[in-house]
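**Student:** Before I ask anything, let me first share the structure, which is written out below as structure tokens.
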Amino acid sequence: ILGGFLSFFLVLFVNQTNSRFLEMYGFSKACSGRIQDIAGLARTQLPPELGKALVRHFNAAHIAGYVGINAIGMGSPYSKTHFFDVYNEMHQLLTPEEMKMLEHHDMDNAGLCMKELVTWCQEDVVDARKAGHIDTHQEKLMHGKILDFRAAMDGMYDYSDQPPHFFYIHFLVLLSALYLPMFAIDTAYAAGWGDETSLWLDLLNGVIVFLQCVFVIGLRSLGTKMVDPYGDDLEDLSVILYVEATLEISSTIMNSKQPPKRPHLT
């Protein structure tokens, strides 16, 4: 009976943490996708200077968002000094004057810097509409993409701020600590005593006990690892890859050149 309860809760726990993991992966990829959308719209609809400023601010918001995860949940290995400042220097995302305007935010301990940068992006779009580069329909489309990005980033923050309940994990640990020794003792009794013993049966039961321990402890560890996908474990989400790929793709879009149009044949 105890083994049945433990198996049920273990599978349920792993299924829930896997769903969290996939949801947060979806949020990360959505952030990257919305930046690419804005880069495409900016490249085709805005003057080069204004379009590049918008994409710069958007990429800066993307990186600052991952740094802000340090403030909630289990934290993350992405800091302002070793993550944001490195990419900012490599890609010139924010000017020194813009960085000074953000100094009042503690990027390592809050997501407010990301929020302000997203607002900058919205202001860039408003300026483009006021200057007559886009109409209200195009402005609404761009605002929608920017707000979708912020919603996806907020989703990452929400999940990071609310991990599975400690009691749930503690209950699984307690069940494991009770069940595994009892299972090993029961298997040993079932193997027989005295003249009833068999070397091959003992070896088989030993393998069964070992596999049962691997199953229980392995599933519990797997679920615990997936709770925080923005850590520094090998199986965590590849945040650096997402950031670098987004920077490369948006740069490619902004620097793309259309081939010369062929003259119409008469």
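**Student:** Given Met101, Val216, Ser160, which one lies farthest toward the positive end of the charge dipole of the chain, if we put +1 on the Cβ of every Lys and Arg and -1 on the Cβ of every Asp and Glu?
**Tutor:** Met101
**Student:** Could you check the simple spin-label distance between Phe210 and Asn15, using points 7 Å along Cα→Cβ, in nm with one decimal?
**Tutor:** Distance between the two pseudo-spin positions: 3.1 nm.
**Student:** Where does region 1-85 land on the Kirkwood hydrodynamic radius, alpha-carbon pairs, in angstrom?
**Tutor:** Computed over Cα pairs of region 1-85, the Kirkwood hydrodynamic radius comes out at 15.9 Å.
**Student:** Where Rh denotes the Kirkwood radius from the mean inverse Cα pair distance, what is Rg over Rh for region 210-266?
**Tutor:** Taking Rg over the Kirkwood Rh, I get 1.50.
**Student:** Also: Could you work out the pair-distance distribution P(r) of region 174-243 from its alpha-carbon pairs, with 10 angstrom bin width and percents rounded to whole numbers?
**Tutor:** Pairs per bin, as whole percents: 17, 32, 21, 15, 10, 4, 1.
**Student:** How far apart, in nanometres, would the label points at Glu244 and Met101 be if each is projected 7 angstrom from Cα along the Cα-to-Cβ direction?
**Tutor:** Taking the two extended label points, one gets 3.0 nm.
**Student:** Ignoring ligands, DNA and RNA, how do Asp232, Asp202 rank by accessible area with a 1.4 Å probe, largest first?
**Tutor:** Asp232, Asp202
**Student:** Report the FRET efficiency, 1/(1 + (r/R0)^6), for Leu178 and Trp200, where r is their Cβ-Cβ distance and R0 is 41 Å, rounded to 0.05.
**Tutor:** Given R0 = 41 Å and the Cβ-Cβ separation, E is 0.90.
**Student:** In the P(r) worked out for region 77-231, what percent of Cα pairs fall beyond 26 Å?
**Tutor:** I get 58 percent for the Cα pairs in region 77-231 exceeding 26 Å.
**Student:** Quick one: grab Rg to one decimal and Dmax as a whole number for the chain, Cα atoms only, in Å.
**Tutor:** Answer for the chain, Rg first and Dmax second: 26.6, 103 Å.
**Student:** With labels modelled as points extended 7 Å from the Cα through the Cβ direction, what inter-label distance (nm, one decimal) is found for Thr81 paired with Asp236?
**Tutor:** 1.8 nm
**Student:** So with the 1.4 Å probe, I'd like the accessible area per residue for the chain, rounded to whole Å².
**Tutor:** Per residue, the chain has an accessible area of 57 Å².
**Student:** Here's something else I'd like to know. For the chain, what is the relative contact order in percent, using Cα pairs closer than 8 Å and at least 6 residues apart in sequence?
**Tutor:** With pairs under 8 Å counted, the relative contact order is 33 percent.
**Student:** Of all the accessible heavy-atom surface of region 1-113, with the other protein chains kept in place and a 1.4 Å probe, what percent is carbon and sulfur?
**Tutor:** 59 percent
**Student:** Hey, another quick one. Anyone know which of Ala110, Ala190, Ala60 comes out most mobile in the 10 Å Cα GNM of the chain?
**Tutor:** Ranking Ala110, Ala190, Ala60 by mean-square fluctuation puts Ala190 first.
**Student:** Sticking with this structure for a sec: Nearest 500 deg cm²/dmol is fine: what mean residue ellipticity at 222 nm does the chain get from its DSSP H runs of n ≥ 4 alone, each adding -39,500 (n - 2.57), divided by its residue count?
**Tutor:** After summing the helix terms and dividing by residue count, I get -25000 deg cm²/dmol.
**Student:** Any idea what diffusion coefficient region 122-173 gets from Stokes-Einstein, in µm²/s, Kirkwood Rh on alpha carbon pairs, 20 °C, 1.002 mPa s?
**Tutor:** Reported coefficient: 155 µm²/s.
**Student:** Could you work out the pair-distance distribution P(r) of region 195-234 from its alpha-carbon pairs, with 5 angstrom bin width and percents rounded to whole numbers?
**Tutor:** Pairs per bin, as whole percents: 5, 20, 16, 14, 11, 10, 8, 7, 5, 3, 1, 0.
**Student:** At 1.4 Å probe size, with the rest of the protein present, what percent of the exposed accessible area of region 127-195 is carbon and sulfur atoms?
**Tutor:** About 63 percent, which is the carbon plus sulfur part of the accessible surface.
**Student:** Per-residue accessible area for Cys213 at 1.4 Å probe radius, Å² rounded to 10?
**Tutor:** Roll a 1.4 Å probe over it and Cys213 shows about 40 Å².
**Student:** Here's a follow-up. In µm²/s, what is D for region 1-159 at 10 °C and 1.306 mPa s, where D = kT/(6 pi eta Rh) by Stokes-Einstein and Rh is the Kirkwood radius from Cα pairs?
**Tutor:** The Stokes-Einstein estimate is 93 µm²/s.
**Student:** Let me know the whole percent of all Cα-Cα pairs from region 65-129 that are separated by more than 20 Å.
**Tutor:** That tail contains 30 percent of the Cα-Cα pairs.
**Student:** Placing unit charges on C-beta atoms (Lys and Arg positive, Asp and Glu negative, everything else neutral), compute the dipole magnitude of the chain about its Cα centre in debye, rounded to 20.
**Tutor:** Result for the chain is approximately 1200 debye, rounded to the nearest 20.
The values are calculated or read from the model by the stated rules, or taken from the named source; none is laboratory data. Remember, predicted model here, so these are calculated numbers, not experimental data. Glycine also receives a Cβ, built like all others from the backbone with ideal geometry; neighbour counts cover every protein chain displayed. Calculation scope for accessible area: heavy atoms of the full protein, side chains included, ligands and nucleic acids excluded. Shrake-Rupley method; radii C 1.70, N 1.55, O 1.52, S 1.80 Å.
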